[in-house]
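These notes concern the structure reproduced below.
The values are calculated or read from the model by the stated rules, or taken from the named source; none is laboratory data. Quick caveat, the model's predicted, so the values are computed rather than measured. Cβ coordinates were reconstructed from backbone atoms using ideal geometry, including for glycine residues, and neighbour counts include every protein chain displayed. Heavy atoms of the whole protein, side chains included, go into the accessibility calculation; ligands, DNA and RNA do not. Shrake-Rupley method; radii C 1.70, N 1.55, O 1.52, S 1.80 Å.
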Amino acid sequence: MRCRKSGVTMGLESAVEKLDKYYGRLEQGKAQKIKPSHVDKILSKLEKKARLLQDEFDAATKPSKRDRLALKLDMVREQQARARWLKDKVGDA
């Protein structure tokens, strides 16, 4: 489980470990290369999801629903940051 205060840092550390393992599998021929276009496709889906959640958040009147939607929006934004980070790493490789 990730600590809320340093969730992004811990999440990126985990992503770095996963990327290292991926490169190991890639060298062994056990994985296909991630193309920047693949990451662009995911980023596009995440942007669409963020827009839908933001619209739903703006329309929500119940505080409990707004809280849940805010958490979902935070998660999508974190995923977008990870995807941009991955795109930078994959683009360099």
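Quick one: is Lys87 modelled with pLDDT of 95 or more, on the phi < 0 side of the Ramachandran plot and in a helix (DSSP H, G or I)?
No.
Are there any pairs with C-beta distances below 6 angstrom linking a residue in the range 28-43 that is without any contact (Cβ under 8 Å) to a residue 24 or more places away in the chain to a residue that is of a type outside the set (Phe, Trp, Tyr), with the two at least 6 apart or on different chains, and if so which?
Close Cβ pairs (under 6 Å, with a partner that is of a type outside the set (Phe, Trp, Tyr)) amount to Ala31/Arg25.
Output the number of residues of the range 60-93 satisfying the condition of being open to solvent by less than 80 Å² (accessible area, probe 1.4 Å) and farther than 26 Å from Val16 by Cα.
Within the range 60-93, residues that are open to solvent by less than 80 Å² (accessible area, probe 1.4 Å) and farther than 26 Å from Val16 by Cα number 6.
Hey, among the residues in the range 30-59 that are among the charged types (D, E, K, R) and in a loop (DSSP other than H, G, I, E, B), which one's most open to solvent (accessible area, probe 1.4 Å)?
Initial filter on the range 30-59 (among the charged types (D, E, K, R)): 30, 33, 35, 40-41, 45, 47-49, 51, 55-56, 58.
Cutting the leftovers down to in a loop (DSSP other than H, G, I, E, B) gives us 30, 33, 35.
On the way: Lys30: 152, Lys33: 108, Lys35: 112 Å².
Within the range 30-59, the match that is most open to solvent (accessible area, probe 1.4 Å) is Lys30.
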